[in-house]
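Enquirer: Mind having a look at this structure? Questions to follow.
The values are calculated or read from the model by the stated rules, or taken from the named source; none is laboratory data. This one's a predicted model, so the numbers in the text were calculated from it and none came from an experiment. Note that each Cβ is placed from the backbone with ideal geometry, even for glycine, and that neighbours are counted across all protein chains shown. Calculation scope for accessible area: heavy atoms of the full protein, side chains included, ligands and nucleic acids excluded. Shrake-Rupley method; radii C 1.70, N 1.55, O 1.52, S 1.80 Å.
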Amino acid sequence: MNLLVNIDHVATLRNARGEGYPVPVEAATVCEKAGAKGIVFHLRGDRRHIKDEDVNGLKESVKGTLDFEMAATDEMLNILKKTDPDLCTLVPEGREELTTEGGLNMKVVFSDFEKRVFPFIRKTDIEISLFVDPNTDDIELAHKLGSDAIELHTGTFANAVSKEARFAELKRLREAAFLANELGMKVNAGHGLNLENLPILLEAVPYLHDISIGHALISKAVFWGLPKTVQAYLEIMSIYEDVK
Ligand code: PXP
């Protein structure tokens, strides 16, 4: 199980004042030194946090898995090809949203992904992961496209208010992980995860490969510092890795 740190919000903090700091690339280096297995960034169409220059710097400096999270636009596909990261996580993107609000609707994107997006990325060695909600139809369509991995959207679980809702979503995530694994895809997960809900997820959901965590980790690091915060997440993950 690998912790991949999403450093988008280091860029958010930098952009708030338009100064040159804090530097996302520097944050990525500190996270990797503290034990993170890789770095995630989302280059959005509106460039609200990560900018094109950051992408070049990350490509040069990240030693572990570099995960380029993006909407499947022609513009991003061209940047993806030039950047040549290890992994590309395709997500839906809406201009008005504060953050990615849900998984891809695979029925809606299937034909476009089959004809345009997958053939383009398959000319490279970049692995493909599709960010999906934990439901059978979307996972089966991801498999039909030949995706290497899915990333399970954990936001609904993370935001569940009642115990019942949280339990129901955990059950969906667990079943989705079984199905994706059975279909031969890697199972990644992310969105809304923090030090409190991560152990609950790991207790219930098997086969997790890459876990992508951003906002809560970077926020906690304001108080604890990045190395200590990364290590706290790694400690939780190591406990559950041992159990399984
Ligand atoms: N995975 C995906 C696909 C995302 O869009 C995001 C948010 O950028 C994350 C993981 C990380 O979510 P968070 O910042 O809530 O940890």
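Enquirer: Which of the residues belonging to region 47-62 are within 27 Å of residue 236 (Cα to Cα), more than 16 Å from the ligand (Cβ to nearest atom) and assigned to a helix (DSSP H, G or I)?
Expert: Correct list: 61 only.
Enquirer: Next up: From the list 214, 146, 225, which residue is at pLDDT 95 or above and within 15 Å of the ligand (Cβ to nearest atom)?
Expert: None of the others qualify; the one that does is 214.
Enquirer: Against the condition within 14 Å of the ligand (Cβ to nearest atom) and part of a helix (DSSP H, G or I), how does residue 230 come out, does it pass?
Expert: yes
Enquirer: Run residue 18 past the list (1) on the phi > 0 side of the Ramachandran plot; (2) open to solvent by less than 20 Å² (accessible area, probe 1.4 Å) and report the number of the one that doesn't hold.
Expert: (2)
Enquirer: I want to confirm something. Restricting to region 98-119 and keeping residues that are among the aliphatic types (A, V, I, L, M) and at pLDDT 95 or above, which single residue is farthest from residue 214 (Cα to Cα)?
Expert: Among them, the one singled out is 108.
Enquirer: Additional query: Filter region 1-11 down to residues that are out of contact with any Pro (no Cβ under 7 Å at 6 or more places or on another chain) and either farther than 29 Å from residue 238 by Cβ or open to solvent by less than 40 Å² (accessible area, probe 1.4 Å) (or both), then give me how many there are.
Expert: The total comes to 6.
Enquirer: On to the next question. Return the residues of region 186-205 that are under 13 Å from residue 134 (Cβ atoms) and either surrounded by fewer than 15 Cβ atoms within 10 Å (Cβ to Cβ) or without any contact (Cβ under 8 Å) to a residue 60 or more places away in the chain (or both); say none if nothing qualifies.
Expert: 187, 189, 201, 204, 205
Enquirer: Given the conditions (1) of a type in the set (Lys, Arg); (2) open to solvent by less than 30 Å² (accessible area, probe 1.4 Å); (3) away from the ligand (no atom under 12 Å from the Cβ), report the number of the one that residue 44 does not fulfil.
Expert: (3)
Enquirer: Every residue in region 111-132 that is more than 12 Å from residue 77 (Cβ to Cβ) and either open to solvent by less than 30 Å² (accessible area, probe 1.4 Å) or not in a helix (DSSP H, G or I) (or both), please.
Expert: Scanning region 111-132 gives 125, 127, 129, 130, 131, 132.
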